[in-house]
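Right, one structure below, let's go through it.
The values are calculated or read from the model by the stated rules, or taken from the named source; none is laboratory data. In this text the structure is predicted, and so the values were computed from the model without any measurement. So basically every Cβ, Gly included, is an ideal-geometry build from the backbone, and we count neighbours across all protein chains shown.
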Amino acid sequence: MARNDVETRSNRGQWENSVEDSPELSQSYASREEAVDAGRELAERLGSRHVVRDSEPTGAITDEDPASGSDR
């Protein structure tokens, strides 16, 4: 990843946006959708790339149901 690229990923049931070389801009979100939207907007504002890293389900209550596309 390059400077100011934004990565959206799941971290222990919470979704987070991390910004390469700018950790002070990183934030956490309760839902994937909210994090992806915010990550896209942040990358546009910074003039950088936005990457979404999907993770394997952990079985946590906050994992999305792949069949319905929504939280359980």
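Being within 13 Å of Met1 (Cβ to Cβ) and of a type outside the set (A, V, I, L, M) is the filter; apply it to segment 27-72 and report the residue that is modelled with the lowest pLDDT.
Ranking the qualifying residues of segment 27-72, first place goes to Arg53.
Can you name every one of the strands (runs of 3 or more DSSP E) wholly within segment 4-50 that holds 1 or more residues which are in contact with a Leu (Cβ under 6 Å, 6 or more places away or on another chain)?
Working: elements: 6-11, 14-19, 27-29.
In segment 4-50, the matching strands (runs of 3 or more DSSP E) lie at 6-11, 14-19.
Restricting the search to segment 1-29, which residues are within 10 Å of the chain's Cα centre (by Cα) and either of a type in the set (A, V, I, L, M, F, W, C) or on the phi > 0 side of the Ramachandran plot (or both)?
Once the filter is applied, which keeps residues that are within 10 Å of the chain's Cα centre (by Cα) and either of a type in the set (A, V, I, L, M, F, W, C) or on the phi > 0 side of the Ramachandran plot (or both), segment 1-29 yields Val6, Trp15.
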